[in-house]
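Below: one structure, written as structure tokens.
The values are calculated or read from the model by the stated rules, or taken from the named source; none is laboratory data. As the structure is a computational prediction, the values presented were derived from the model and not from experiment. In this analysis, Cβ positions are derived from the backbone assuming ideal geometry, glycine residues included, and neighbour counts consider all displayed protein chains. The area values use the complete protein model at the heavy-atom level, side chains included, leaving out ligands, DNA and RNA. Shrake-Rupley method; radii C 1.70, N 1.55, O 1.52, S 1.80 Å.
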Amino acid sequence: FVATGLIIALVGGLLRGTAGRLAGARETAQRRAERLRVAAQAARMGTWDVELPSGRITESDEIGRMFGRQPGPVHRDMTEFAATIHPDDRARVLALFEAAIAGRATYHTEFRTRLLGGRERYLETAGTVLRDADGTPYRVI
């Protein structure tokens, strides 16, 4: 019984130590995420994440400001994003995006969008294609 109690005490101590390290790592990750969010906002940069093949988009709040709207996401998917690109730039921007997914190019370009009042604004966009072990693209961020 004494040996069992000692083992239980040792395992309990290890678990408490692991829980403390996990809590510290979580707090560090939260601080880093907050720093990144504040830096991106100060730089007037937004972040976006496209899931492939669905085309569903997740965006940071700064994207709304960049497109002349309230802070928050603007596009739910690639179809909505394409609709906000100036018609004269749309085919080029989407072709570059597809070329990046196919592995033929990097995705980095400038395009125009029309703000709600009708003015045009130039925006720059860049993305990295993430691929699984087989090379199949699954995300663009």
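Mind checking whether some residue in region 83-98 is within 15 Å of residue 48 (Cα to Cα), of a type outside the set (Asp, Glu) and open to solvent by 80 Å² or more (accessible area, probe 1.4 Å)?
no
Being within 23 Å of residue 53 (Cα to Cα) and surrounded by fewer than 12 Cβ atoms within 10 Å (Cβ to Cβ) is the filter; apply it to region 99-123 and report the residue that is farthest from the chain's Cα centre (by Cα).
104
Check residue 61 against each of (1) charged (D, E, K, R); (2) surrounded by fewer than 15 Cβ atoms within 10 Å (Cβ to Cβ); (3) over 18 Å from residue 107 (Cβ atoms) and name the one condition it does not meet.
(2)
Taking the condition of being within 18 Å of residue 47 (Cβ to Cβ), open to solvent by 40 Å² or more (accessible area, probe 1.4 Å) and either part of a strand (DSSP E or B) or modelled with pLDDT of 95 or more (or both), how many residues in region 129-141 meet it?
Total satisfying the criteria: 3.
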